[in-house]
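Working notes, structure below.
The values are calculated or read from the model by the stated rules, or taken from the named source; none is laboratory data. Quick caveat: nothing in here was measured; it's all calculated off a predicted structure. Heads up, the Cβs are rebuilt from the backbone with ideal geometry, glycines too, and the neighbour counts pull from every protein chain shown.
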Amino acid sequence: MHNVAVVWAKNEEGRIHGLLVERGMEGFTTPETHNKWSLRASSTGELIFDNVKIPKENLLPNKSGLGAPLGCLDSARYGIAWGAIGAAMDCYDTASKI
C-alpha cells in the first residue's frame, strides 16, 4: 500500500500545480476498489478529499501549468509500451515451446 499520492490540482488562480498528499492527512481517504474486471495486477481506488489542508512544503517545486502533468504522461508512455512489448515477447516464447 502506498503512503503518498501525487495529485495535480488547480489553485485559487486556476493554475495547475503538483502536490504530495500523504495518507493519514485529515480529510484524505483512499478506499480500494475490489472485484475489478481488468487491471487486477495493480491496486486501484479513488482519492477522496474532504476539506484537506495540504502544507506548502508538499507543493512540487519548479513545475506548474498543464505541461507539468502532461510531461509525466509522456514519460510514462515509454514504460507502458515496453511493458506491452515484454508481455508479447513472453507470449511468443511460451507459445513457441508448445
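Here's a check for you: in the stretch 9-39, which residue that is farther than 19 Å from Ser64 by Cβ and not in a loop (DSSP other than H, G, I, E, B) is modelled with the lowest pLDDT? Working first, answer last.
Our first condition is that a residue be farther than 19 Å from Ser64 by Cβ; within the stretch 9-39, this holds for 22-39.
The next check asks that each one be not in a loop (DSSP other than H, G, I, E, B); those that pass are 22, 28-29, 32.
Working: Glu22: 91, Phe28: 94, Thr29: 91, Glu32: 79.
Per the stated criteria, the residue is Glu32.
Could you please let me know if Val6 is among the β-branched types (Val, Ile, Thr), surrounded by 10 or more Cβ atoms within 10 Å (Cβ to Cβ) and not in a loop (DSSP other than H, G, I, E, B)? Reasoning before the result, please.
On the way: among the β-branched types (Val, Ile, Thr): yes; surrounded by 10 or more Cβ atoms within 10 Å (Cβ to Cβ): yes; not in a loop (DSSP other than H, G, I, E, B): yes.
In short, yes.
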(Q) Please determine whether any residue of the stretch 48-70 is free of Cβ contacts under 8 Å to residues at least 40 places away in the same chain, surrounded by 11 or more Cβ atoms within 10 Å (Cβ to Cβ) and either touching a Cys at 6+ places or on another chain (Cβ under 8 Å) or among the hydroxyl-bearing types (Ser, Thr, Tyr) (or both). (A) no
